[in-house]
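Everything below concerns the one structure shown next.
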Amino acid sequence: VQLQASGGGLVQAGDSLRLACAASSERTYSRYAVGWFRQAPGKEREFLATISWNGESTYYSHPEKARFTISRDNAKNTVYLQMNSLKSEDTAIYYCAANYHGYYSDSAAYNIWGQGTLVTVSS
């Protein structure tokens with residue numbers, strides 16, 4: 001499975017964006033849990049949200065729970081991250097990652113990573 005993150009761009013504070021994480025392999029992607037992470041300049045990568053393989057379970061980092069929503073459409077082999085009320089501190093490269101064993105917040109649990117998509121929020 002290879003992942004392709006997209007949907008990033010330059011937006012203003014208060015805007016919304018929906019990121020997408022598409023998989024190259026149709027046969028197995030629906031069996032993977034997928035997580036979203038981000039890394040801002042000079043900061044460590046941080047966990048945002050994760051979703052189980054069937055979409056029935058989700059888990060969010062506490063600060064982002066109110067503004068971000070993770071979802072998936074296995075028929076389209078895509079996982080989404082809806083981000084609302086964006087702030088300048090949301091500026092970062094956003095990564096999606098997959099693993100076969102469960103939906104975890106620890107990035108070390110994920111063995112398949114996309115290339116990242118840049119989100120820039122101007123204030």
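The values are calculated or read from the model by the stated rules, or taken from the named source; none is laboratory data. All of these numbers come straight from a predicted model, not from anything done at the bench. Heads up, the Cβs are rebuilt from the backbone with ideal geometry, glycines too, and the neighbour counts pull from every protein chain shown.
Listed by first and then second residue, the pairs with beta-carbon distance under 6 Å, at least 6 apart or on different chains, first residue in region 64-93 and over 19 Å from Ser123 (Cα atoms), second part of a helix (DSSP H, G or I), are Asn74/Ser30; Asn77/Tyr29. On the stretch given as region 85-102, residues that are at negative phi and assigned to a loop (DSSP other than H, G, I, E, B) total 5.
Scanning region 64-75 for residues that are of a type in the set (A, V, I, L, M, F, W, C) and surrounded by fewer than 18 Cβ atoms within 10 Å (Cβ to Cβ) yields Ala66, Ala75.
Ser105 meets each of the listed conditions (1) of a type in the set (Ser, Thr, Tyr); (2) free of Cβ contacts under 8 Å to residues at least 24 places away in the same chain; (3) not in a strand (DSSP E or B) apart from (2).
Residue-wise test of (1) surrounded by 15 or more Cβ atoms within 10 Å (Cβ to Cβ); (2) under 11 Å from the mean Cα position of the chain (by Cα); (3) modelled with pLDDT of 95 or more.
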position	(1), (2), (3)
Leu17	yes, no, yes
Trp36	yes, yes, yes
Glu44	no, no, yes
Thr50	yes, yes, yes
His62	no, no, no
Asn77	yes, no, no
Ser85	no, no, yes
